[in-house]
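The values are calculated or read from the model by the stated rules, or taken from the named source; none is laboratory data. Please read these numbers as outputs of a predicted model, since none were measured by experiment. Positions of Cβ are backbone-derived with ideal geometry, glycine not excepted, and every protein chain shown enters the neighbour counts.
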Amino acid sequence: MPGAGLFISLEGIDGAGKSTQARLLAQALQGRGFEVVQTREPGGAAGAEEIRRLLVEGPPDRWSPETEILLFTAARRDHLERMIRPALDAGKVVITDRFADSTRVYQGATRGDLRGLVDDIHARVIGTEPDLTLILDMNPDAALERGLARGSGEDRFEDFGLPFQQKLRAGFLDLAKADPGRCVLIDASRAEGEIAADILATAIARLS
Ligand code: TMP
């Protein structure tokens, strides 16, 4: 029933189709009477969007993973304070394209083992998990091609290359296994409409 706030995140490697699926899910839930806020990370609030530019543009070695953890967390705290919390408190459904799992995988599990640092900082300044996380899984070759083809100018992480994307995929699969109550793995290699129907059914089940 419309009325209860629900926090949904979409996660996955670059080019897996999260943004499209976030939009389709938001439209479908709005069509069923839910009040929906669609947002993204890094970003989602004015200050966080400014931090986003520092993170997604420029050469891959622009920041160390440790610096990235601090910048992503600063953006997330701003997003949480100004956008996510108020919307959940007002009973809305919040759909975010990425949240803390991206930091766990991109910064915590790809360039050395920094998962402990990620978890400590998350516990101290974020301390919130989505009610439902949809992990869009697909072959990194195809996803990377799609991500780079967009030519968005936001390719700093795509520019780390295929082995990086393969590590990311493995990291997301590990997360799905470690937290099956929250995370649902979605096969994102299928047709767009099929994926959307799967995601909608999963979200509706969680809402009812
Ligand atoms: P996007 O392309 O999905 O909008 O995300 C921007 C990039 O930032 C993407 O390559 C993933 C990366 N990222 C991290 O490395 N850590 C994070 O915590 C988040 C939210 C994103």
Which residue out of Asp174, Asp159, Asp155 is part of a loop (DSSP other than H, G, I, E, B) and either of a type in the set (Asp, Glu) or in contact with a Phe, Trp or Tyr (Cβ under 8 Å, 6 or more places away or on another chain) (or both)?
Asp155
For region 126-143, which residues satisfy the criterion of being within 13 Å of the ligand (Cβ to nearest atom) and surrounded by fewer than 20 Cβ atoms within 10 Å (Cβ to Cβ)?
Ile126
Within region 121-141, tally of residues that are part of a loop (DSSP other than H, G, I, E, B) and over 15 Å from Leu80 (Cα atoms)
2
Selection from region 74-114 of residues that are within 8 Å of the ligand (Cβ to nearest atom) and among the hydroxyl-bearing types (Ser, Thr, Tyr):
Ser102, Thr103, Tyr106
Among (1) surrounded by 15 or more Cβ atoms within 10 Å (Cβ to Cβ); (2) at pLDDT below 95, there is one condition Gly3 misses while meeting the rest; what is its number?
(1)
Pairs returned, first residue in region 133-149 that is over 16 Å from Leu10 (Cβ atoms), second residue that is among the aliphatic types (A, V, I, L, M) and loosely packed, with under 14 Cβ neighbours inside 10 Å, beta-carbon separation under 7 angstrom, 6 or more apart or interchain, are Pro140/Leu162; Asp141/Leu162; Leu144/Leu162
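Looking at Gln21, Gln30, which one is in a helix (DSSP H, G or I), in contact with a strand residue (DSSP E or B) (Cβ under 9 Å, 6 or more places away or on another chain), of a type outside the set (A, V, I, L, M, F, W, C) and without any contact (Cβ under 8 Å) to a residue 12 or more places away in the chain?
Gln30
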Those residues that are surrounded by 15 or more Cβ atoms within 10 Å (Cβ to Cβ) and over 20 Å from Leu148 (Cβ atoms), I need them from region 40-65; list them, please.
Glu41, Gly43, Gly44, Ala45, Gly47, Ala48, Glu49, Ile51, Leu54, Trp63, Pro65
Reported set for region 73-90 where residues are surrounded by fewer than 20 Cβ atoms within 10 Å (Cβ to Cβ) and touching a residue at least 60 places away in the same chain (Cβ under 8 Å) is Ala87, Leu88, Asp89, Ala90
Val118 - would you say it is in contact (Cβ under 8 Å) with a residue 60 or more places away in the chain and out of contact with any Cys (no Cβ under 7 Å at 6 or more places or on another chain)?
no
For region 33-46, give me the residue count where each residue is over 14 Å from Leu6 (Cβ atoms) and either without any contact (Cβ under 8 Å) to a residue 24 or more places away in the chain or more than 15 Å from the ligand (Cβ to nearest atom) (or both).
1
Scanning region 6-39 for residues that are among the basic types (Lys, Arg) and surrounded by fewer than 20 Cβ atoms within 10 Å (Cβ to Cβ), the one farthest from Leu173 (Cα to Cα) turns out to be Arg32
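If the requirement is being in a helix (DSSP H, G or I), at pLDDT 95 or above and of a type in the set (Ser, Thr, Tyr), which of these qualifies: Thr73, Thr96?
Selected residue: Thr73, the only one of Thr73, Thr96 that is in a helix (DSSP H, G or I), at pLDDT 95 or above and of a type in the set (Ser, Thr, Tyr).
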Among the candidates Glu81, Glu66, which residue alone is closer than 26 Å to Gly153 by Cα and either modelled with pLDDT of 95 or more or not polar (S, T, N, Q) (or both)?
Glu66
